[in-house]
Amino acid sequence: EAQVTQNPRYLITVTGKKLTVTCSQNMNHEYMSWYRQDPGLGLRQIYYSMNVEVTDKGDVPEGYKVSRKEKRNFPLILESPSPNQTSLYFCASWRGDLFTYEQYFGPGTRLTVT
Amino acid sequence: RKEVEQDPGPFNVPEGATVAFNCTYSNSASQSFFWYRQDCRKEPKLLMSVYSSGNEDGRFTAQLNRASQYISLLIRDSKLSDSATYLCVVNGDYKLSFGAGTTVTVRA
């Protein structure tokens, strides 16, 4: 089954404790992206990747890191989480031309930073 | 100004009704337009792409008005299963911009 998986689905953590949210896709898509969704603001792009070892900042990259060492994986790293990073996070992947094709989203990770 | 703006609703409609709503975008260079559906904070899923000439997919019709920079979605013969948040998505400057969504609730 074609899918994007994220782990963990739910995470409660404390300020400053480094964490990683994993994302994996099995569709051999070139492009992957991380978004955060907050009430009233819609999805905002954090980082995206056009292929292995190629990443770029989105609208809200501060406080986040990413890496793309394998085509299928695109982990999101919060080196020192803060309460304003409490949000719903989605990973997405898509093929081909940058934004012409359908984006496939993971099930989301609900992060709470206390 | 937000890149993509939507009326948040909610639109409460009875089964069988027609409901329509718009989305405005600020980047006149945008080339690709989509409507995504999101159920109760689950992952968004593509509902339909929006083409320049307008397009229809069953009970759903999407229109694009480049001159006024808005796209619209019309749902005919609403079903209970149409209850969801509809996200307007527009590309521009090498990224996708998402609206905050319009919530539709269809009641029996």
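The values are calculated or read from the model by the stated rules, or taken from the named source; none is laboratory data. Just so you know, these numbers come straight off a predicted model, no measurement behind them. Backbone-built Cβ (ideal geometry, glycine too); neighbour counts: all protein chains shown.
Considering (1) on the phi < 0 side of the Ramachandran plot; (2) at pLDDT 95 or above; (3) surrounded by fewer than 15 Cβ atoms within 10 Å (Cβ to Cβ), say which one A:GLY63 fails and leave the rest.
(1)
Could you check B:TYR36 against (1) over 10 Å from the mean Cα position of the chain (by Cα); (2) within 13 Å of chain A (Cβ to nearest Cβ); (3) hydroxyl-bearing (Ser, Thr, Tyr) and say which number it fails?
(1)
Please go through the range A:39-68 and give me each residue that is among the β-branched types (Val, Ile, Thr) and in contact with a Gly (Cβ under 9 Å, 6 or more places away or on another chain), ordered by number.
Of everything in the range A:39-68, just one residue is among the β-branched types (Val, Ile, Thr) and in contact with a Gly (Cβ under 9 Å, 6 or more places away or on another chain), namely A:ILE46.
Say whether the condition of being part of a strand (DSSP E or B) and free of Cβ contacts under 8 Å to residues at least 12 places away in the same chain is met by at least one residue in the range B:31-42. Full working, then the answer.
We begin by selecting, within the range B:31-42, every residue part of a strand (DSSP E or B); these are B:33-38.
Filter once more, keeping what is free of Cβ contacts under 8 Å to residues at least 12 places away in the same chain: none.
Among the residues of the range B:31-42, not one is part of a strand (DSSP E or B) and free of Cβ contacts under 8 Å to residues at least 12 places away in the same chain, which makes the answer no.
If you go through the range A:23-45 one residue at a time, do you hit one that is within 16 Å of A:THR112 (Cα to Cα) and in contact with a helix residue (DSSP H, G or I) (Cβ under 7 Å, 6 or more places away or on another chain)?
Within the range A:23-45 (the criterion being within 16 Å of A:THR112 (Cα to Cα) and in contact with a helix residue (DSSP H, G or I) (Cβ under 7 Å, 6 or more places away or on another chain)), the answer is no, since none of the residues qualifies.
Scan B:THR103, B:THR61 and give me the residue that is over 17 Å from B:THR24 (Cβ atoms), more than 14 Å from every other protein chain (Cβ to nearest Cβ) and touching a residue at least 12 places away in the same chain (Cβ under 8 Å). Talk me through it step by step, then tell me what you get.
Values: B:THR103 fails: more than 14 Å from every other protein chain (Cβ to nearest Cβ).
The unique qualifying residue is B:THR61.
Can you find a residue that is over 13 Å from the mean Cα position of the chain (by Cα), free of Cβ contacts under 8 Å to residues at least 12 places away in the same chain and within 14 Å of chain B (Cβ to nearest Cβ) anywhere in the range A:102-112?
Yes: the range A:102-112 contains one or more residues that are over 13 Å from the mean Cα position of the chain (by Cα), free of Cβ contacts under 8 Å to residues at least 12 places away in the same chain and within 14 Å of chain B (Cβ to nearest Cβ).
Restricting attention to strands (runs of 3 or more DSSP E) lying wholly within chain A, give those where 1 or more residues are over 23 Å from B:ALA100 (Cα atoms) and of a type in the set (S, T, N, Q).
Working: elements: A:4-7, A:10-13, A:19-25, A:31-38, A:42-51, A:54-57, A:76-78, A:87-94, A:109-113.
Result: A:4-7, A:10-13, A:19-25, A:42-51, A:54-57.
Within the range B:20-29, is even one residue at pLDDT 95 or above, closer than 17 Å to B:PHE60 by Cα, in contact with a helix residue (DSSP H, G or I) (Cβ under 7 Å, 6 or more places away or on another chain) and surrounded by fewer than 15 Cβ atoms within 10 Å (Cβ to Cβ)?
No, there is no match, as no residue in the range B:20-29 is at pLDDT 95 or above, closer than 17 Å to B:PHE60 by Cα, in contact with a helix residue (DSSP H, G or I) (Cβ under 7 Å, 6 or more places away or on another chain) and surrounded by fewer than 15 Cβ atoms within 10 Å (Cβ to Cβ).
I'm trying to understand the selection: among the residues of the range B:47-62, which are within 12 Å of B:CYS88 (Cβ to Cβ) and not small (Gly, Ala, Ser)?
Hits for the range B:47-62 are B:LEU47, B:MET48, B:VAL50.
A:VAL21: on the phi < 0 side of the Ramachandran plot, within 11 Å of chain B (Cβ to nearest Cβ) and touching a residue at least 24 places away in the same chain (Cβ under 8 Å), yes or no?
For A:VAL21, the condition - on the phi < 0 side of the Ramachandran plot, within 11 Å of chain B (Cβ to nearest Cβ) and touching a residue at least 24 places away in the same chain (Cβ under 8 Å) - is not met.
Just to be sure, is A:SER93 under 20 Å from A:GLN25 (Cβ atoms), modelled with pLDDT of 95 or more and in contact with a strand residue (DSSP E or B) (Cβ under 9 Å, 6 or more places away or on another chain)?
Against the criterion (under 20 Å from A:GLN25 (Cβ atoms), modelled with pLDDT of 95 or more and in contact with a strand residue (DSSP E or B) (Cβ under 9 Å, 6 or more places away or on another chain)), A:SER93 does not qualify.
So in the range A:13-32, with the set limited to residues that are among the hydrophobic types (A, V, I, L, M, F, W, C) and within 16 Å of the chain's Cα centre (by Cα), which one is surrounded by the fewest Cβ atoms within 10 Å (Cβ to Cβ)?
A:LEU19
Only one of A:SER87, A:SER82 is within 28 Å of A:THR15 (Cβ to Cβ), in contact with a Leu (Cβ under 7 Å, 6 or more places away or on another chain) and hydroxyl-bearing (Ser, Thr, Tyr); which?
Just a single option satisfies the conditions, and that option is A:SER87.
Can you find a residue that is away from every other protein chain (no Cβ under 12 Å), over 10 Å from the mean Cα position of the chain (by Cα) and assigned to a strand (DSSP E or B) anywhere in the range B:80-93?
yes
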